[in-house]
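First the structure, in the form of structure tokens, and then the observations on it.
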Amino acid sequence: MTIFAIVLLILLGLLLLLIEFAVIPGVTIAGIGGFLLLAASVYIAFTKFGTGVGFITLTVVLIAAPAMIYYFFKSR
């Protein structure tokens, strides 16, 4: 259940960041919520599974978020 929650938090956080950059630019609740969900997923990974999984989750978040935003704007 916890791994599913971490993956779900990452996906929802990335979705909120996409909404922030595409639909409602500026600092809004979508952007803040996206960053909070991504931070929560990393925090849960560190506390529940230890440093190994925590750093893997952090790496995935730090690579996926900028890559997703880059490919989103490049595709237009």
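Here are the numbers for this structure:
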item	result
Total residues in segment 44-66, condition over 15 Å from the mean Cα position of the chain (by Cα) and not aromatic (Phe, Trp, Tyr)	6
Condition met for Ile24 (of a type in the set (A, V, I, L, M) and not in a helix (DSSP H, G or I))	yes
Of all residues making up segment 1-40, the number that are open to solvent by less than 30 Å² (accessible area, probe 1.4 Å), farther than 14 Å from Met68 by Cβ and in contact with a Ser or Thr (Cβ under 6 Å, 6 or more places away or on another chain)	1
Lone unmet requirement of (1) at pLDDT below 90; (2) charged (D, E, K, R); (3) open to solvent by 60 Å² or more (accessible area, probe 1.4 Å) for Lys48	(1)
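So that you can scan it fast, the table gives a plain yes or no per residue for (1) touching a residue at least 40 places away in the same chain (Cβ under 8 Å); (2) within 10 Å of the chain's Cα centre (by Cα):
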site: Ala22; (1), (2): yes, no
site: Pro25; (1), (2): no, no
site: Thr28; (1), (2): no, no
site: Gly34; (1), (2): no, yes
site: Leu37; (1), (2): no, yes
site: Val42; (1), (2): no, yes
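The values are calculated or read from the model by the stated rules, or taken from the named source; none is laboratory data. The structure displayed is predicted, hence computed values, not measured ones. In this analysis, Cβ positions are derived from the backbone assuming ideal geometry, glycine residues included, and neighbour counts consider all displayed protein chains. For accessibility, only protein heavy atoms count, side chains too; no ligands or nucleic acids. Shrake-Rupley method; radii C 1.70, N 1.55, O 1.52, S 1.80 Å.
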